[in-house]
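Data first, discussion second: the structure below is written as structure tokens.
The values are calculated or read from the model by the stated rules, or taken from the named source; none is laboratory data. Bear in mind that the values here come from a model prediction, so they are computed numbers and not experimental data. Don't worry about glycine lacking a Cβ; one is built from the backbone with ideal geometry, like all the others, and counts go over all protein chains shown. SASA here: full protein model, heavy atoms, side chains in, ligands and nucleic acids out. Shrake-Rupley method; radii C 1.70, N 1.55, O 1.52, S 1.80 Å.
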Amino acid sequence: MLECCTLGTGGTLPIPERALSSLYVRVRGQGMLIDCGEGTQVGIRRLGWGFRCIDGLLLTHYHGDHCTGLPGLLLSLEKAGREETFHIWGPKGLKRIVEGLCVIVPPLSFPVLLHELPAEGGEVELIGLSIRAFPVDHGGIPCLGYRMYLPRLPVFDPERARQLGVPLPDWKRLQQGENVKTNGRCVRPEEVMTHPRRGITLVFSTDTRPCETLLKHADGADLLILEGMYGSEDKRPQALKNHHMLFSEAAELACHARAGALLLTHFSTSMEDPEAYLPEARRVFSNTWAARDGMAITVRYPEKDDKAWTSLF
Ligand SMILES: [Zn+2]
Ligand SMILES: [Zn+2]
């Protein structure tokens, strides 16, 4: 299973109940962040999942509402006793932005490694996730969305393991992908792990207009977390001008991508209660939800060919 938490759901400017953009993703006790807006470290403390297990940060782009929490995050990581390398990925300009933000950060107890992703995106492996970065349309500035895939081991066939004479204590090693020696021969995991199983796909993208690359990479996602900067149709001129999306546009995208669930985030300060705009979006895509700061989401592996089960708290 995969867990995530929308630490900050505000767009552009914070309000008392809404910090700025950040998503915490956790798999088997290991964590990573996407975006690090102001207030991210406060959100992590409130959530209680800890700093120690956060291995890396992916940035979508360098507008202040997505990255100004970085100096505080690095200090919190140090206070948590980090010594291992901390990795940061982002679009073109990463080095300049991180160096600028870190002028106020004293020397850290751990190295920070920067990975600038090319304009067309790229691949990242982090906390067991295979992550594909892809470009989106935020008015011509480099901005990336992220498609994350958590693979699942194939089904273990105990009957086959017995036939091959593998002793019971060695089954776990085979399940974990190790070769096992038995009766003078080597048994490979693929001999006993027979039926492939679908994993979990999570897509996160903000800030952007609806675009071809987003539609392509959102395809079949179990959970789609997209920006919903504006709730109502009358804000379309602002959405076009500021290169953001309406709730209805995100819902159309989720529908075309055949997503399992849509969670909206990155709300304008002009929108007091995002939930009030959900009925309109749900007419387009029924499984649409509005995120809150600190909302924890669990996505479980799918049963057979169904979509993964998503629950929100
Ligand atoms: Zn933003
Ligand atoms: Zn932006």
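Numbers at a glance
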| quantity | calculated |
| --- | --- |
| 24 Å Cα-Cα reach of K216 towards lysines, excluding residues that sit fewer than 8 places from it in its own chain | K92, K241, K304, K307 |
| Span from the the range 169-227 Cα centroid across to the the range 67-84 one, whole angstrom | 30 Å |
| Per principal axis, descending, Cα span of the range 139-279 in whole Å | 72, 32, 24 |
| Two-site label geometry, E99 and S286: point separation in nm, points 7 Å out along Cα→Cβ | 5.4 nm |
| With every protein chain in place, the range 60-189: carbon and sulfur % of accessible area (1.4 Å) | 56 percent |
| Cβ charges +1 (Lys, Arg) and -1 (Asp, Glu), total dipole of the range 221-313, debye | 160 debye |
| The chain, accessible area per residue, ligands and nucleic acids excluded (1.4 Å, Å²) | 46 Å² |
| Among G50, G128, C4 - extreme Cα towards positive end, dipole of the chain, charges at beta-carbon | G128 |
| Net charge over other residues, Cβ less than 13 angstrom from the Cβ of R132 (K, R count +1; D, E count -1) | -2 |
| DSSP bridge orientation in the chain - percent antiparallel, rounded to nearest 5 | 60 percent |
| Sparse-neighbourhood loop sites, GluC sites (Glu not before Pro) in the range 114-193 - DSSP loop, at most 12 other Cβ within 10 angstrom | E120, E178 |
| Dipole axis of the range 121-195 (+1 Lys, Arg; -1 Asp, Glu on Cβ), positive-most option in H195, F156, L168 | L168 |
| Candidates P169, P196, P111, ranked by Gaussian network fluctuation over the chain, Cα under 10 Å, top entry | P169 |
| Relative contact order [Cα under 8 Å, 6+ residues apart], the chain, whole percent | 17 percent |
| Cβ-based net charge around H63, under 11 Å, with every Lys or Arg adding one and every Asp or Glu removing one | -3 |
| Anisotropy class of the range 66-144 from Cα gyration tensor, a/c 1.5 cut | oblate |
| Gyration tensor (alpha-carbon) shape descriptor, the range 1-128, a/c threshold 1.5 | rounded |
| Whole-Hz ³J(HN,Hα) from phi, Karplus 6.51 cos²θ - 1.76 cosθ + 1.60, for the range 173-186, glycine and proline x | 4, 5, 4, 8, x, 8, 6, 10, 8, 8, 6, x, 10, 9 |
| Of all DSSP beta bridges in the range 23-78, antiparallel share, percent nearest 5 | 55 percent |
| Contour minus Cα-Cα distance for Q163 and L114 (0.36 nm per residue) | 12.7 nm |
| The range 73-180 - percent relative contact order, Cα under 8 Å, separation 6 or more | 19 percent |
| The range 158-313, dipole about Cα centre (Lys/Arg Cβ +1, Asp/Glu Cβ -1), debye to the nearest 20 | 880 debye |
| All-pairs alpha carbon distance profile, the chain, 20 Å steps from 0, percent | 32, 52, 15, 1 |
| Counted charge near I88, where neighbours are those whose Cβ lies closer than 12 Å (Asp, Glu -1; Lys, Arg +1) | -3 |
| Electrostatic dipole magnitude of the chain [Cβ: Lys, Arg +1; Asp, Glu -1; Cα centre; debye, to 20] | 880 debye |
| Antiparallel DSSP beta bridges within the range 75-135, as percent of all bridges there, nearest 5 | 50 percent |
| Estimated FRET transfer efficiency when R0 is 51 angstrom, pair K241-E83 (beta carbons, to 0.05) | 0.65 |
| Relative contact order %, the range 1-78, counting alpha carbon pairs below 8 Å whose residues are six or more apart | 28 percent |
